[in-house]
Amino acid sequence: MKLTTKTTKLKPGMTLIEITVVILVLLSLISVLFIGVQAYQNGVKRSQCIMNIRNIQTHTRTSQNMANKSPGDAVGSTLSVLLVTGGFFPAAPTCPRDNTAYDLTGTTYPAVSSLAAPCPDILTYTDHVPDSIVGW
């Protein structure tokens, strides 16, 4: 008596477990990509905020020199009127993180070692502080 065994040919393809593993790997790579993009966007917003602070500081010092004033002297109105209406900025600058306007309500020119208008969300975003304002 001869025993016959039924042999099945293996079909080429992937099993359900292999497909699941491939999908999980792809999803994890995509999530790492999203984290990197978010960090990049935060860095860009931080740089834009610091550049806005630098521009406010530079234009405040420029208008101070043009008016032949010293730190502590009266602006005449407010920094907002001086900088925005005076033509240094087309509109009041805002922090790019959440579009909050900088505080330009000062009525005197700030001391050389202090900022004319720090980031409005300085308590929330402590990284929006320039390392140094020397030369501004």
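Within the set of pairs 6 or more residues apart or between chains, which connect a residue that is touching a residue at least 40 places away in the same chain (Cβ under 8 Å) and farther than 16 Å from P90 by Cβ inside the stretch 50-65 to a residue that is in a helix (DSSP H, G or I) and hydrophobic (A, V, I, L, M, F, W, C) with Cβ atoms less than 9 Å apart?
T60/L79; T60/L82; T60/L83
Do any residues in the stretch 108-136 that are farther than 14 Å from S47 by Cα have Cβ atoms under 6 Å from those of residues that are among the small types (G, A, S), where the two are at least six apart or on different chains, and which pairs are they?
Once the first residue is farther than 14 Å from S47 by Cα and sits in the stretch 108-136, its partners that are among the small types (G, A, S) give T108/G72; T108/A74; P110/A116.
Those residues that are surrounded by fewer than 10 Cβ atoms within 10 Å (Cβ to Cβ) and part of a helix (DSSP H, G or I), I need them from the stretch 8-19; list them, please.
Start the filter on the stretch 8-19 by keeping residues that are surrounded by fewer than 10 Cβ atoms within 10 Å (Cβ to Cβ), which leaves 8-13, 15-17.
L16, I17, listed by residue number.
Would you mind telling me which numbered condition in (1) out of contact with any Ser or Thr (no Cβ under 9 Å at 6 or more places or on another chain); (2) outside any helix (DSSP H, G or I) P71 fails?
Among (1) out of contact with any Ser or Thr (no Cβ under 9 Å at 6 or more places or on another chain); (2) outside any helix (DSSP H, G or I), the lone unmet condition for P71 is (1).
A quick yes/no check of all residues on (1) closer than 26 Å to Y125 by Cα; (2) in contact with a Leu (Cβ under 9 Å, 6 or more places away or on another chain); (3) in a helix (DSSP H, G or I); (4) among the small types (G, A, S):
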| site | (1), (2), (3), (4) |
| --- | --- |
| K6 | no, no, no, no |
| V21 | no, no, yes, no |
| L24 | no, no, yes, no |
| I50 | yes, no, yes, no |
| A91 | yes, no, no, yes |
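Restricting the search to the stretch 90-115, which residues are over 20 Å from the mean Cα position of the chain (by Cα) and closer than 15 Å to Q57 by Cα?
Taking the stretch 90-115 first, the residues over 20 Å from the mean Cα position of the chain (by Cα) are 90, 104-114.
L104, T105, G106, T107, T108, Y109, P110, A111, V112, S113, S114 - these are the residues of the stretch 90-115 that are over 20 Å from the mean Cα position of the chain (by Cα) and closer than 15 Å to Q57 by Cα.
What pairs can you find where one residue is in the stretch 27-44 and assigned to a helix (DSSP H, G or I), the other is not hydroxyl-bearing (S, T, Y), and their Cβ atoms are less than 9 Å apart, with a gap of 6+ or different chains?
N42/R97; N42/D127; V44/P96
Taken together, the values in this text are just the output of simple stated rules run on the coordinates, not laboratory data. Computed from a predicted structure; not experimentally measured. Neighbour counts are summed over all protein chains in view; Cβ atoms, including those assigned to glycine, are modelled from backbone coordinates with ideal geometry.
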